[in-house]
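Report on the following structure.
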Amino acid sequence: MRANEFLNEGILDVFRKKKVEPQYLPLTPEQRQLIQKHFPQSNVAMRMGGPESEYVLPQNVHTTHGKVRIAFRNEDGQLKASVAHHHSSRDAGDPKVVPTFHSDHGIDSDEDMEKLKQL
């Protein structure tokens, strides 16, 4: 058996690392309250029609604070924040401007939200 045939048979698949994709879930009411408490200017409360309708963005929330643009998401049950750092606060409000760099943060408490405000 040639090496190519050996690899195509899938015999070595047991040695390959399996990539596990994160599961993105809708934000929970508790997570929405935490975001609303610290970033009231976000789109956390935007709904389709009335107060009982579904959220416009059920799986993520965006906000700007100073020179950063923050996107919150529920990844595998934990609140995560993806932060895009910009040169100026005007650039952070414009989604067309490419950020300087990104950073990801896990959010577990109010202290983590306060750290985001200081970025």
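Centre-to-centre, using Cα atoms only, segment 100-119 and segment 38-83 are separated by 14 Å.
Note on the chain: GNM, Cα springs under 10 Å; of GLN59, GLN36, GLN23, the largest mean-square fluctuation is that of GLN23.
With N set to the residue count of segment 25-119, report its C-alpha Rg divided by 2.2 N^0.38 Å to two decimal places. Walk me through the intermediate numbers first.
Details: Rg = 13.1 Å, N = 95, 2.2 N^0.38 = 12.4 Å.
Ratio of Cα Rg to 2.2 N^0.38 Å: 1.06.
Taking every alpha-carbon pair under 8 Å whose residues sit at least 6 apart, the chain reaches a relative contact order of 19 percent.
By the count of neighbouring beta-carbon atoms within 10 Å, fewest first, SER109, SER42 end up ordered SER109, SER42. Summed over qualifying helices (DSSP H, 4 residues or more, each -39500 (n - 2.57)) and divided by its residue number, the chain shows a 222 nm mean residue ellipticity of -6000 deg cm²/dmol.
The order of TYR55, TYR24, going from fewest to most other C-beta atoms within 10 Å of their C-beta, is TYR24, TYR55. Cα axis of helix 29-38 to longest principal axis of the chain: angle in degrees, 0 to 90, nearest 10? It works out to around 50 degrees. Rounded to the nearest 20, the size of the Cβ-charge dipole of segment 10-119 about its Cα centre is 380 debye, with Lys and Arg at +1 and Asp and Glu at -1. Over all Cα atoms in segment 28-79, the spread is summed up by Rg and Dmax: 11.1, 34 Å. Neighbour counting of Cβ atoms within 10 Å sorts the residues VAL20, VAL83, VAL61, fewest neighbours leading, into VAL20, VAL83, VAL61.
Values in this text are rule-based calculations from the coordinates and carry no lab data. All of these numbers come straight from a predicted model, not from anything done at the bench. Here the Cβ is made from the backbone with ideal geometry for all residues, glycine too, and neighbour counts use every protein chain on show.
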